[in-house]
Amino acid sequence: MNNAGLPHGSPFDIWNMPENHKRQELEYGFGIGRDLGLAKILLEMKNITKEFPGVKALDNVNLKVERGEIHALVGENGAGKSTLMNVLSGIYPYGTYKGDIVYDGGVCKFAKIKDSEEKGIVIIHQELALVPYMTIGENMFLGNERGRKFALNWNETYGRADELLKTVGLQESSRTLIKDIGVGKQQLVEIAKALAKNARLLILDEPTASLNEADSKALLDLLLKFKEQGMTSIIISHKLNEIAYVADKITVIRDGSTIETMDKKTDDISEDRIIKGMVGRDLTNRFPKRDKKTFGGIGMEVKDWTVYHPLYSERKVVDGVNMKVKKGEVVGIAGLMGAGRTELAMSIFGKSYGTNISGKLFLNGEEVHLNSVRDAIDKKLAYVTEDRKGNGLILSNPIKINTTLANMDAVSRHTIIDKDKEYEVAEDYRQKLRTKCPTVEQNVGNLSGGNQQKVLLAKWMFADPDVLILDEPTRGIDVGAKYEIYCIINQLVAEGKSVVMISSELPEVLGMCDRIYIMNEGRMVGELPVEEASQEIIMAHILKVSNKGA
Amino acid sequence: MMNKGKMMEGVKKYTMIIVLVLVTAFFAWGTQGKILLPQNVSNLIAQNAYVFVLASGMLLCILTGGNIDLSVGSVVCFVGAVGAVLMENKGMNTFAAIVVMLLVGLLIGAWQGFWIAFVRIPPFITTLAGMLVFRGLSNVVLEGMTVSLSSETFVKVFGGGANCYVPDLFGMEGFNLTCMIAGTFACVLYVLLQMKNRMAKVRKGYETESMVSMLVKTALICAVILLFTLRLSQYRGIPTALIWVLIVILVYAYITSNTTIGRYFYAVGGNEKATKLSGINTNKVYFWAYLNMGFLSALAGMLTIARMTSAQPTYGTNYEMDAIGSCFIGGASAYGGTGTIPGVIVGAVLMGVINLGMSIMGVDQNIQRVVKGLVLLAAVIFDVVSKRGGKLIAND
C-alpha cells in the first residue's frame, strides 16, 4: 500500500505514516481525535512477538485500532489472529510475549483476563462460554455478580440483564436457561454479557461461524448500531462479504506477521484483493520432489457419505460426499476449520464420529462396512489424528509403547507381549523416520511437536495400512520437521499406498497433493488437479461458498 | 542439564523406597528395635496380606483413570459371610464353598463393572452404592451375628488359625530351615533371571543398564530377601498368607507389564481417546478392571475369615482405604495411566510398617489415623506437584 498522495495529517493517513515522522504527536496528541479531545487511537499493539516451544506464532505484529471503528482481522487458519487476541486480552499474560500494548494512551501489562476486562476490553470467543444449566441473567453476570459477595442481589441481576437484552435486541426473559435458546440468541447473550462488563473494545472471534443468514445479519447490524454509539470493535471472520459490510479497516495477518492494513475509504477491499493478501507467499523448495508412479486401482472410494452430528442429530455435518483416492496418489482436502473434514475422516474410520452415517465405502475396490476402529485397522485403513496430544498419543508412555499400540498383535503371542520385538520395532521406526530422541524408552510427552508427530506416524505405519488419512499432519511443527514428514508421505505413496491429506495450509496442499478436493460446510465444493490449482483459486472456492451462506 | 534431569528422575523413582527405609529406621529407633524382631516381621505380612491382594486389584482400577473402588471392604465382608454361612450353617464342603465364594466375587465385579464400563455410571457412585449394599447384605446373611469357622483345611490353606505357617521339612530347633532355603532359592532365581535378561539384551545389541547399577540393585534386592527370610526363619517360617500374597503379586506384576490386556489399562488411563482410536474397546477395559477387583476381593475375603477363623458383619471395614492408600503412596497417579505392582508393594509395606510401628509404640488409635491420612495426602501431593514440574500452585 502506498498512499503517499494523501496529505500528512489526514485522519486516514496515520496507518501509512513514515516511521521517522513525529508519530507520537500525531496519534496520541492534541485534539486530533474527534471524541472530545480524546486521542484518536484507542489501541495500539506494537511489535508483538509470541513464541511457543518450537514455533513463532506471532512475529513483530503491529495493530492500530481507532476509536469508534470496526476493525476486521483476516488471515488463514493458524495465521495468528486468535493468538494476537489472546495476547491482548491477557490470556497470555504480560511477560510471555514481547512488545507493547498501548490502550487508551497507556502501556498495559495484563496479568490475567480480569485486568483487561477492567479496562473494557472484552473478548467473545468462537466457542461460546456459557453455562447451559444457568439462566441468561446468571450467565451474564458470572464472575461479575451483582450485589455483595454473600448476599447476591437477584433483582438487580435480572433487572440489569433485561435492560441489556433489550439493548442487543433479544426478546427473551433473562430467567430463561441458556440450553433452551438457540445458538444465535446465545451469541447475543455473549454480547450482552460483554456490555455488562462495560466493554469499550469488543473483540468478536468468528461471531457468525455457527449462525444462519438472518441471525448473522442481525448480529452485524447490531455491531453497526454500537458503532454509532461510539463502541470500538475488532472482528475476526472468514466471511469476506460480512467484513465488507461492517468493517472500516481490515488488517491481514499471515504466518504470524501483519501484512497490511486496508482502509475501506481509500483502498480496494475486493475479495480477490484480500485473498491475495491472505495467501501470497512463495513456495520454493519447501516440498520434496516425488517421482510419479502409477499403480492402477483405487485405494479408497466414498460414495454419498452423509454424517449427522452425534449430539444434535438433526444437524448434517457431512453431506453427500463423494471422493476417491488412487493407489500411489496423494489427495488433499482443503477447507476451513469446521468444514467437516475431520468429521468426514473420522466417520470413515470405523464410525468414530457421528450418528446416522450413510453412504458406501470401498477399500481396494471392495465394499466394506466398518463398524469399529478395529474393523478399520483390520481392513488396512489408518487415520492419523489432527490432535496428536488429545487423540493420538499417550504422552505419559514411552515411544515404544505408543508405536505398537494400534497393532499389538504383531508384537505379542497369546496376549503376551514380546518386549524385545516391541523394542526392535520402535527402534526400527525411530531410525527410519529419524525421530530425535535419546532412546525409544523416552516418554512421548518429552518430545518436541515434530518428533511427536513422527511417533504418531510410526504408530500408524506399523499398523500396516493401505490407505492413510492424515489430518493436519504438520500442524504446529517447524519447517525442518515438516519437510521430513513430507518425505515420509512420499515414501508411503511410492510403496503404492494411498494418502488422503487434510490440511488447512494451502501451500502444503499444493506442494504435496496430486489432486485436491475442496470442502465447505459438509459438502465437497470443488475438485481440482494440482496443475490447475492455486492458492487464490482454492481460497476463492472456499470463501465464495461461505458467502452464499452468510 | 541432562544429568540433572536423570538424577531427578532417579530420585523420583526411588523416593518411596527411601522413605520406607527412613520410616523403618525411625520406628526401629522409636521401638528400640522391637519392630525388627522376627515375630513382628512375620506379623507384618500375615496382618497385611489382604492389603497386598486388594491393592493389586485396586491398581488396575486406578490405572484406568484414577478410578477407585470403594466397595471392596464390604465385598470382602460379604464374600466371607456367604462362605462362612455355607460351610458352617449349610454344611457345604470346603472346596465347593471356595468355588462359590469366588463366583460371588466375580458376579459382584461383573455387576459393578457393567454399570461403570457400559453405562458409564461414575465409579465413585457405583462403588459407593456397592459399599452400602454389600455391607447391608453381609448383615442380612450373618443375621447380625458372628459365625465361627470350624473347617481346619480352609483355615490352614488361607493362612489363619494358630499354626498359619508352611510346615518345616527339617525340624531344626528355633530355626526354620525350609524358609531360609526358599529365600536363598528365590535369590538365586532372581540373579539368574537378571543375568539371562541382560545377556539377551547384549546379544541383540539393546541398550543395557550400567553394570554397576545393575549389580548394586541386584545385591540390595537379594540382601533384602535374605534378611527378610532370615527373620522369618528365626520365628516360625513362611506364613501361609505370604504364599498367597506372592502368587497374587507375581501374577499381577506379570499381567501389568507383559500382556496386552495389562497394556490396555495403562493406555486407557493415559489417554482414553487415543486408545479408542487405536482400535481398543475401552469399555471392556473398564469392565475387566472391576470384574478383577471383585475376584480379588473374594480372595481377600477368604484370607480375612481364615485369619479370624470367623465371619462378622464388621469385617473389612476401611479395607478399601488401605488398598487405595497403598496404590497412591506407591506412586500410582491419581489421574491414571501410571503405577506399578512393585510400587504398590512398597506402598503397602510402608503403610504396614507405620501401622505396626505406631501400635508397638503404643500410639493412640486416633493419632494413628491422623498420621496415615497425612502420609496419603503427602504422597499424592508429591505426585501431582512433580508432574507439574515442581510448581506447587496450579495455574489459575
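The values are calculated or read from the model by the stated rules, or taken from the named source; none is laboratory data. Predicted model only: the values in this text are computed from it and were never measured. Note: ideal-geometry Cβ built from the backbone for every residue, glycine included; neighbour counts use all protein chains shown.
Couple of notes before you dig in:
- Test: residue in segment B:331-341 that is part of a helix (DSSP H, G or I) and either in contact with a Lys or Arg (Cβ under 6 Å, 6 or more places away or on another chain) or acidic (Asp, Glu) (or both): no
Yes/no per residue for (1) over 22 Å from B:ASN43 (Cα atoms); (2) out of contact with any Leu (no Cβ under 8 Å at 6 or more places or on another chain); (3) surrounded by 13 or more Cβ atoms within 10 Å (Cβ to Cβ):
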position: B:GLY159; (1), (2), (3): no, no, yes
position: B:GLY171; (1), (2), (3): no, yes, no
position: B:GLY174; (1), (2), (3): no, yes, no
position: B:LEU177; (1), (2), (3): no, no, yes
position: B:GLY183; (1), (2), (3): no, no, yes
position: B:LEU192; (1), (2), (3): yes, yes, no
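- Scoring B:GLU320 on the criteria (1) among the charged types (D, E, K, R); (2) free of Cβ contacts under 8 Å to residues at least 24 places away in the same chain; (3) within 29 Å of B:THR240 (Cβ to Cβ) leaves a single failure, condition (2).
- Enumeration of residues in segment A:254-270 that are among the polar types (S, T, N, Q) and either touching a helix residue (DSSP H, G or I) at 6+ places or on another chain (Cβ under 7 Å) or at pLDDT below 80 (or both): A:THR261, A:SER270
- The set of residues in segment A:395-446 that are among the aliphatic types (A, V, I, L, M) and facing another protein chain (nearest Cβ under 8 Å) comprises A:LEU395, A:ILE401, A:LEU405, A:ALA406, A:MET408, A:ILE416, A:ILE417.
- Scanning segment B:203-216 for residues that are away from chain A (no Cβ under 12 Å) and either in contact with a Phe, Trp or Tyr (Cβ under 7 Å, 6 or more places away or on another chain) or within 20 Å of A:THR439 (Cβ to Cβ) (or both) yields B:SER210, B:MET211, B:VAL212, B:SER213, B:MET214.
- Within the span defined as segment B:319-327, every residue fails to be touching a strand residue (DSSP E or B) at 6+ places or on another chain (Cβ under 9 Å), more than 14 Å from every other protein chain (Cβ to nearest Cβ) and crowded, with 24+ Cβ neighbours inside 10 Å.
- Count of segment B:236-269 residues which are farther than 24 Å from B:ALA117 by Cβ and among the aromatic types (Phe, Trp, Tyr): 1
- For segment B:276-286, a tally of residues being part of a helix (DSSP H, G or I) and more than 7 Å from chain A (Cβ to nearest Cβ) returns 5.
- Here segment B:111-127 is the region considered, the condition is being exposed (fewer than 15 other Cβ atoms within 10 Å of the Cβ) and assigned to a helix (DSSP H, G or I), and the residue that is nearest to the chain's Cα centre (by Cα) is B:PHE124.
- Odd one out for A:LEU381 among (1) in contact with a Pro (Cβ under 8 Å, 6 or more places away or on another chain); (2) at pLDDT below 95; (3) within 12 Å of chain B (Cβ to nearest Cβ): (2)
- Within segment A:357-371, the set of residues being within 22 Å of A:ASP409 (Cβ to Cβ) and surrounded by 15 or more Cβ atoms within 10 Å (Cβ to Cβ) comprises A:LEU363, A:ASN364, A:VAL368, A:LEU370.
- Restricting segment A:392-418 to residues that are among the hydroxyl-bearing types (Ser, Thr, Tyr) and touching a Phe, Trp or Tyr at 6+ places or on another chain (Cβ under 7 Å), the residue that is nearest to A:VAL455 (Cα to Cα): A:THR403
- Residues of segment A:401-423 include none that is of a type in the set (Gly, Ala, Ser), surrounded by fewer than 21 Cβ atoms within 10 Å (Cβ to Cβ) and in a loop (DSSP other than H, G, I, E, B).
- Count of residues meeting criterion [modelled with pLDDT under 80 and surrounded by fewer than 12 Cβ atoms within 10 Å (Cβ to Cβ)] in segment A:273-290: 3
- Scanning segment A:528-540 for residues that are free of Cβ contacts under 8 Å to residues at least 60 places away in the same chain and under 23 Å from the mean Cα position of the chain (by Cα) returns A:ALA533, A:SER534, A:ILE537.
- Whether a residue is in contact (Cβ under 8 Å) with a residue 40 or more places away in the chain, farther than 22 Å from B:ALA306 by Cβ and among the hydrophobic types (A, V, I, L, M, F, W, C) was assessed, and B:VAL133 passes this test.
- Scanning segment A:197-222 for residues that are in a helix (DSSP H, G or I) and buried (at least 21 other Cβ atoms within 10 Å of the Cβ) turns up A:SER216, A:LEU219, A:LEU220.
- When restricted to residues that are within 14 Å of chain A (Cβ to nearest Cβ) and of a type in the set (Gly, Ala, Ser), segment B:330-373 contains 7.
- Those helices (runs of 4 or more DSSP H) lying entirely in segment B:134-247 with at least 3 residues more than 25 Å from the chain's Cα centre (by Cα) and outside the structural domain of B:ILE98 (by TED's automatic domain parsing): B:177-203, B:211-234
- Just so you know, in segment B:249-272 the residues that are touching a residue at least 12 places away in the same chain (Cβ under 8 Å) and facing chain A (nearest Cβ under 8 Å) include one that is surrounded by the fewest Cβ atoms within 10 Å (Cβ to Cβ), and it is B:ILE261.
- Any hit, segment B:299-307, residues being in the same structural domain as B:VAL53 (by TED's automatic domain parsing), touching a strand residue (DSSP E or B) at 6+ places or on another chain (Cβ under 7 Å), more than 19 Å from B:GLY66 (Cα to Cα) and touching a residue at least 60 places away in the same chain (Cβ under 8 Å): yes
- Condition met for A:VAL74 (closer than 18 Å to A:SER257 by Cα and touching a His at 6+ places or on another chain (Cβ under 6 Å)): no
- Of residues in segment A:384-394 being outside any helix (DSSP H, G or I) and charged (D, E, K, R), the one farthest from the other protein chains (Cβ to nearest Cβ): A:GLU386
Results for (1) within 30 Å of B:TYR252 (Cβ to Cβ); (2) touching a Gly at 6+ places or on another chain (Cβ under 7 Å); (3) without any contact (Cβ under 8 Å) to a residue 60 or more places away in the chain, shown as yes or no for each residue.
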position	(1), (2), (3)
A:GLY390	no, no, yes
A:VAL411	yes, no, yes
A:LYS421	yes, no, yes
A:GLU424	yes, no, yes
A:ASP428	no, no, yes
A:LYS432	no, no, yes
A:LEU447	no, no, yes
A:LEU470	no, no, no
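- If you check A:GLY143, A:GLY68 for being more than 21 Å from A:ARG254 (Cα to Cα), within 14 Å of chain B (Cβ to nearest Cβ) and not in a helix (DSSP H, G or I), only one passes: A:GLY143.
- Each residue in segment A:509-526 was checked for being out of contact with any Asp or Glu (no Cβ under 6 Å at 6 or more places or on another chain) and touching a residue at least 24 places away in the same chain (Cβ under 8 Å), and 12 of them qualify.
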